[in-house]
Every structure is written in structure tokens, then in C-alpha cells.
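Here's the structure we're looking at; comments come further down.
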Amino acid sequence: MFKYKRSKSIRVGGMTTSSTEFESFILTPKELRTSKARQVYIIVDPEAVKRITEYVRASFLILGPGEGSEGYELRKMIKKVIESKKQVATFPEDVPVNKLYEYLSSHGIDSSYLSRVVVNLTTREYVLMLGYDITIILLMSDGSISEYSTYFIKRNVAHKIWVYQSESVSHAPSYVNMGPLDLFSKVYRQVDNFTSSQNLKKNVRGRIDDLLAYLFISSV
Amino acid sequence: MIYWRTFSSPRSNQNLLIKSKVLYIGLSNIILVNMDKLEEIFESENTDLRIKTLSNKFRRFLLGLIYTEGRPMYQSDVLKHVNVKSNLLAYHLKLLTDSGLLYNKFERREGKRFSKYSITPDGIRALEYIGVKSDLDQITSIANQF
């Protein structure tokens, strides 16, 4: 017959309590006070990255092929990956033109720099990129997205851009590949190639985990 | 959570399973380890106590924290890094000390006795065994640069 065995009471640090209570204690991110403690926490327990998503906030703007195009599903997949980590992900076309300020404020994104209504598409995307923490650009064709080259040379947003380029078009002798993207990859080294949707998902997920871990460690 | 570590290249999984021992600690933690190899690593009589000590995430965290500090720490030093009750911390530090992974040196100041904890060579070996030492070394080396 099964008999319930009572846990031993122990006296440590001037207080008496049961060892079961101590053993069942689980360290959570909110108890960590210093960046070193946060670093050790992530190293010692690699699964902690899943738990820190509630303690950090990052916003992602996803640029790439529009609705009906070949890569639109991949863009949606990236958005889903980001949202699964409880972070903000937005397609620029979903942001209402006349309510940019209200939209950004409601999503917890800094919009204090907005001083006038922006109607031009390039300027509007640039303004959005200023507000968001990271901009993900999905390149699916060899030359049609050359307009992104505008952002690669803007210093205040270029460092926040992550480029994912399809392997099939990465060696094409196009303007984007030979010009802005080549320059961007040499300066910022934030260009990744992907072979399949699974490959892309894995890359994006790994990079987001790294970013969240970095934000978690540095936000003390 | 299941920890599965292969220390050598076994001829078959069955061979490894025969040599292994399954330890149930709590309800959620199952640790499967090769006991022969573990005893070889620890070279100690209190292997079971060390496994118990390392099975707790908080104790692994404490061991890692004291290792990265690079100098002996008082309990109050540890409390600067982590916001937990002092008796809970004392319990876990005591287990780490009893299992020989930490060394506790008593110091007398103003009539009071203070414990000063530092990591032992076995503690460093334990961090190597759980596969975190090299990553922790990076924090220490970055901190030493400043």
C-alpha cells in the first residue's frame, strides 16, 4: 500500500521550512537583477529563451512581395513566427495611411518623431522603419525590389534591417545583388540566404531568439 | 525534460541503456545518465548527491553565477544578482557545498560569522559536464576586458 511520506522540515538561514518547498522553487526572469545573472540564466538553461518572451518587447516590420505574389505566404509565415513569440509584427500595407500616428501608438511603438502626414510610399515606409525595432526584407526576385536600395544607405535604419534572400536569386547578376545588397552585406553582414520555407523559418526563429536574448540581457 | 548525454560512441543504443541509470527527480525531471562515466568524471563517493544537486536549475544557475564572478562571493553578493529569499538561497548553497561543488569558507567580521562561497575544481568539472563552461567562460573573459 502506498504511504505518503512527509517531507523533512529543515532549518536554514534562521527559518524553518520544508525541503520540498525549496526544491520546487523555479527561478523566473523577474527575479534576476543584473545583466550577468540574466546571461548565466540563459546559458545554464537554454529553454529559458522561451520564457523571456514575456519580459521583452520588440517590433518587426516585414517588407517583401505583396498579396498574390509568390513570396506572400512566406511573409505571412514570418509574421506568424514573430507573433508566436508574443512580439509585434506588421506589414506596412496594413498601416492606415491617414492614421499612422494612432496606429503606431496603439501598437506601443514610438511615434513621437512624426510631425506631419506622410503620403509618399517610400517616405511612409522609411518613417515606419524609424519606429520599428527591426525591419525584415524578403527578397524573392532578382531585380524587382530594387527600391529597397534606398533604405540600405540610410544609416539610421540600415543597421535595423535583416535581409532574407531566396537562394535561387542570390547569384543573379541583377542591380540589387551587385550594387546595394553587396554593399549592405559587406557593411552590416545582415543578409541571409534561404533554400526552402522551413529553412527560412528556422533562420528567422533563431535570429529572433538571439535578439530577444540580447534585449533581455541588456534591459536591466 | 529529458537529458540524454552520450559520453562515448556506444556500439548500440541497447548497450548504452544497460549501462545507464534512470533517475526520477520530482515529477517533471527525468535524468538519464551513464553512471560508469559519471563516476569517472566526478571521482567521488557522493555521486548521487551531486546528481541531485545538479538536477535543480536554480542550483545550476548559482554554480554558474559563482563561477563567472571569478572570486569568492558572500550570500549578500549573490542576492545582489537575484531577488530570492535568503533562507531559500542558503538551502541551495548548502546543498552545493555538501556535494563538494562549492567551498564554504567562514569569516568572522564584527562578531558575526559570514560564509564566503567559491567554486571547487569539481564544481568547474560539473559545469563542463553539463556543457555550459565554455559559454560561461566567454562572459568572464568579456567582463575581464573592462
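No lab work stands behind these numbers, since they all come straight from the coordinates. Keep in mind it's a predicted model, so treat the numbers as computed, not measured. Methodologically, a virtual Cβ is constructed for each residue, glycine included, from the backbone with ideal geometry; neighbour enumeration extends over all protein chains shown.
Tabulated data
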{"read-out": "Between 0 and 90°, nearest 10: helix A:121-131 axis offset from chain A longest Cα axis", "value": "20"}
{"read-out": "Per-selection Rg to Rh, region A:58-201 - Cα, Kirkwood hydrodynamic radius", "value": "0.95"}
{"read-out": "Given 10 as the ceiling on other Cβ atoms within 10 Å, longest exposed-site-free region of chain A for chymotrypsin sites (Phe, Trp or Tyr not before Pro) in DSSP loops", "value": "A:5-112"}
{"read-out": "Between 0 and 90°, nearest 10: helix A:197-218 axis offset from chain A longest Cα axis", "value": "60"}
{"read-out": "Prolate/oblate/rounded label for region B:93-144 (Cα gyration tensor, a/c 1.5)", "value": "oblate"}
{"read-out": "Trypsin sites (Lys or Arg not before Pro), loop per DSSP, at most 10 other Cβ atoms within 10 Å - longest free stretch of chain A", "value": "A:9-115"}
{"read-out": "Loop-located GluC sites (Glu not before Pro) in region B:61-137, at most 14 other Cβ atoms within 10 Å (DSSP)", "value": "B:110"}
{"read-out": "Overall form of region A:122-187 per C-alpha gyration tensor (a/c, 1.5; a/b vs b/c)", "value": "prolate"}
{"read-out": "Long pairs among A:30/A:202; B:57/B:133; A:36/B:105; A:86/A:201, criterion Cα-Cα beyond 18 Å", "value": "A:30/A:202; A:36/B:105"}
{"read-out": "For region B:45-145, the Rg and Dmax computed from alpha carbons only, in angstrom", "value": "13.4, 41"}
{"read-out": "Distant-in-sequence amide H partners of residue B:119 (H built 1.01 Å from N, under 5 Å)", "value": "B:103"}
{"read-out": "Estimated vicinal HN-Hα couplings, Hz - region A:60-74 in sequence order (Karplus 6.51, -1.76, 1.60; Gly, Pro = x)", "value": "10, 10, 10, 9, x, x, x, 4, x, 7, 4, x, 4, 4, 5"}
{"read-out": "Longest exposed-site-free window of chain A, the sites being GluC sites (Glu not before Pro) in a DSSP loop that have at most 13 other C-beta atoms within 10 Å", "value": "A:71-220"}
